[in-house]
Amino acid sequence: MKTIRSIVAAFFCSVILSVIICSCAPETIESPDIFDRNTECVIDSLSEEYMMQVKAYENYTKILNIMSQQTRSANSLDDYPDYYGGSYINDENKLVVLIKREYLTTRDANSIQTEVIDDVVYEPCENSYNRMIDIIDSIKNTLAFNPESLSHVSMLGIDDASNRVFVCFSDDYTENVLNKCDFGDNIMVCYQGCHIYEESFSRVVNPGQATFPPAPPTYPALLCGDSIYTLVGGKAYGGSIGYRAIDSFGEEGFVTAGHNVNLSGSVYCPHTWEEIGLAVESYYKVNNLDAAFCVVENGKFSLTNNINYTIKGNPATANWDTLSTHIVSKMLKGTIVYMSGMRSKNQQGRVISSYATYPIKVDTTDNKPYNDSIVFRDVVLSDYPSQSGDSGGIVYTKQRINNVDGTNCTVGIHVAYADSIVVDNKKIRPVVCIKAEHINRVMGLSRY
């Protein structure tokens with residue numbers, strides 16, 4: 001039975017034209033894999049590497065608490081003392097805290113260096129974190145009023161390890177932006193030939209004529225990282241389930257990528273093509289989001305916090321890794337993160353930047369000023385492997401929560417990847433995660 005919320009969403013869909021976006025080349029798949037759940041777990045939650053990162057985050061939390069008292073801004077995400085230059089986890093899995101050089105011996109800077117000592121490396125730097133945030137804001141303002149520059153810039157953010165802002169260009173065109181934002185080599189590093197691609201794919205098939213394996217005798221609960229499909233024009237567009245949530249109306253559903261499903265669009269089980277439910281919220285080029293909230297309306301399907309592709313065994317009897325309702329809002333470069341999606345299954349990588357953004361040009365026909373037609377997405381960049389079809393998949397990290405080790409904490413959902421760049425003398429392909437904290441705040445969702 002359709003809920004009131006669903007009927008309202010369907011009404012608005014009749015007056016809002018939405019189009020599914022697939023920026024990368026479509027791929028054809030041979031068979032649905034929503035129930036392909038037998039895979040080796042790649043995670044050792046009690047490894048030495050994990051325990052070092054737990055210690056790093058405990059120290060980081062202590063330092064954030066000290067700094068919030070110094071700035072009297074405990075509720076602010078972007079207000080830091082002038083001496084602070086950023087933090088990251090190094091190759092030895094230790095926390096590195098950067099202190100602006102001229103503040104090294106000041107009272108406030110000394111307080112964190114004397115109160116938080118074990119397994120922390122303090123290093124001098126040239127740029128404060130506040131300064132780097134200001135640089136990013138300045139570049140964003142330049143792009144918002146400069147159409148020519150915007151077409152060439154694909155991504156920008158903070159690289160804590162080098163203590164600089166990075167800017168990625170889709171080609172070798174850098175002069176215009178750099179001339180308008182003349183900050184010097186000590187604050188900015190540029191990468192060229194870097195584009196952003198959403199990870200969805202289409203399967204050219206008429207679902208009414210396709211044949212599929214027989215339906216299972218019982219319908220398993222949908223896992224984080226499971227497959228879903230939407231149908232548009234006889235084509236099936238595939239994506240992944242992120243995490244389950246409940247909205248302010250008390251309706252239960254799951255979060256996926258906004259470019260996977262339009263407002264009031266239906267989502268289907270790829271095993272039987274039965275409708276699972278529909279999207280009552282979907283944002284793609286608004287609110288800095290690429291996310292949708294889909295309500296499960298088919299009573300045959302239920303939701304779980306179990307994470308797909310995290311254990312080898314029979315799905316009917318296996319003990320899956322379980323996603324915690326705890327959300328990590330502040331990430332450190334170097335943090336180990338995991339992604340589960342329909343094509344890549346369960347993958348592991350590290351955070352490249354916890355403060356990154358990329359511009360999206362919004363198509364408008366109502367003669368809005370150019371700067372009102374730009375959306376900047378605040379995202380986490382990592383380097384785990386991904387493929388087309390992983391969009392919407394769950395991104396999480398392991399931490400110690402309430403003295404429980406190996407707690408799988410929600411970070412967000414996977415939505416895109418970029419061309420390879422060289423960071424810290426390593427060639428990596430950045431992948432993009434939309435933060436769960438931001439998704440839930442905009443959509444009025446809660447984890448459960």
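Values in this text are rule-based calculations from the coordinates and carry no lab data. This is a predicted model, so every value here is computed, not measured. Here the Cβ positions follow ideal geometry from the backbone for every residue, glycine too, while neighbour counts run over all protein chains shown.
Quick notes on this structure:
- If the segment from ASP134 to GLN348 were pulled out straight at 0.36 nm per residue, it would be longer than the present Cα-Cα gap by 73.9 nm.
- Under 5 Å, built H, 5+ apart or other chain: amide partners of VAL337: GLY349, ARG350, VAL351
- Cβ-defined net charge surrounding GLU252, 11 Å radius [Lys, Arg +1; Asp, Glu -1]: -2
- Computed label-point distance, nm, for sites TRP273 and ILE187 using a 7 Å Cα→Cβ extension: 5.8 nm
- Ranking of VAL96, VAL362 by neighbouring Cβ atoms within 10 Å, starting from the fewest: VAL362, VAL96.
- Taking packing as the residue-averaged number of other Cβ atoms within 10 angstrom, the listed peptides 281-289, 55-63, 235-243 run from highest to lowest as 235-243, 281-289, 55-63.
- Over 23 Å (Cα to Cα) - which of LYS333/LYS435; LYS285/LYS398; LYS398/LYS435; LYS140/LYS435; LYS62/LYS426; LYS300/LYS435 fall in this group: LYS285/LYS398; LYS62/LYS426; LYS300/LYS435
- Selection from GLY392, VAL422, THR407 lying farthest towards where the dipole of region 390-437 points positive, charges on Cβ: VAL422
- Remark: relative contact order (region 254-327) = 25 percent; criterion is Cα-Cα distance under 8 angstrom and separation of 6 or more residues.
- Full extension of the chain between MET52 and THR325 gives 96.0 nm of extra length, using 0.36 nm per residue less the Cα-Cα distance.
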